[in-house]
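Right, one structure below, let's go through it.
The values are calculated or read from the model by the stated rules, or taken from the named source; none is laboratory data. Keep in mind that what you see is a predicted model, and the values were worked out from it rather than measured. Cβ placement follows ideal geometry from the backbone for every residue including glycine, while neighbour counts extend to all protein chains displayed.
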Amino acid sequence: MKKLNKISSLLTLSLVIMMAVPAVSMGAQPTVKLGTTSSFAVLAGSAITNTGNTTISGNAGGDIGMAPGTEFTKNGPVTMSGTVHLPPDALALRAKNDLVTAYNDAAGRTPVTTIPSELGGTTLKPGTYDSIDGTFEITGALTLDAENDPNGVFVFKTASTLKTASGSKVNLIKSARPCQVFWQVGSSATLGTTSAFVGHIFAMQSITATTGATIQGQLLARNGAVTLDNNTITNVLCATTATTASIAPTVTGGKLPKTSTPLFDLFLLGGALTLAGALGWKNRKRFA
């Protein structure tokens, strides 16, 4: 009898562990590969316009590029650590192609957690997020918590716009890094006055950084223009760091992440528990 009880307990424990493992592993996200866009702090499709004193730098590269457009308008000085690449520059053309690949990669990420469009005042863990109405806004502060995993990846997907309010900011805690934050924007992005933004923006149309906005990351617009105004852009290198597996994303609100156990595992669990119950019933009947 003791042997049968032990077998039943082991079956139950094994299946509980089996169900828990898929829920954890499905939450982890690899980084979005940037290809030749990695050295570009700013990349546009149609035009780039700057007003005021803008500084562009970073250990990943401080390049500016455009394709197929060629119009780079400077209404103020641009201090940069890289080079300006305009067509027929081959690097700008390759970077534009790699931007399309990166955009599609981010857009196709799953599983996705759907959350409210207002990100201000929330704390998020690594994972992939979209919003209820297809837009994202930041008013106040958004905090990204990597849970001590420097390779924790955050992907934000919008069908439409990304807008940040004046004075808003993105805070990084517990080993979160700017190079692991990605924003896929279905139309255009606007960064508010003196806002402090973090991450790589992949916009289908245009990106506007208003007066005094600072960016740790990249401004990459596929088809439209990038408009700058007295900004500081720092393109940060992201070296891979060995770490333990990430845990599935959790949020302070919205829908649960789609990390449920496959139906096949549920059938296995039901079968095993039925077998354990039958063995226990047979054993009780035998010794009754």
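The table for this structure:
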quantity	calculated
Qualifying residue in region 32-40 (condition: touching a Lys or Arg at 6+ places or on another chain (Cβ under 9 Å), of a type in the set (S, T, N, Q), farther than 14 Å from LEU228 by Cα and at pLDDT 95 or above)	yes
All positions within region 53-82 that are β-branched (Val, Ile, Thr) and surrounded by 15 or more Cβ atoms within 10 Å (Cβ to Cβ)	THR54, THR55, ILE56, ILE64, VAL78
Qualifying residues in region 102-131 (those that are polar (S, T, N, Q) and either free of Cβ contacts under 8 Å to residues at least 40 places away in the same chain or under 14 Å from VAL185 (Cα atoms) (or both)) - the one surrounded by the fewest Cβ atoms within 10 Å (Cβ to Cβ)	ASN104
Qualifying residue in region 132-153 (condition: on the phi > 0 side of the Ramachandran plot, surrounded by fewer than 18 Cβ atoms within 10 Å (Cβ to Cβ) and under 16 Å from the mean Cα position of the chain (by Cα))	yes
Residues within region 115-130 that are within 13 Å of the chain's Cα centre (by Cα) and part of a strand (DSSP E or B), tallied	5
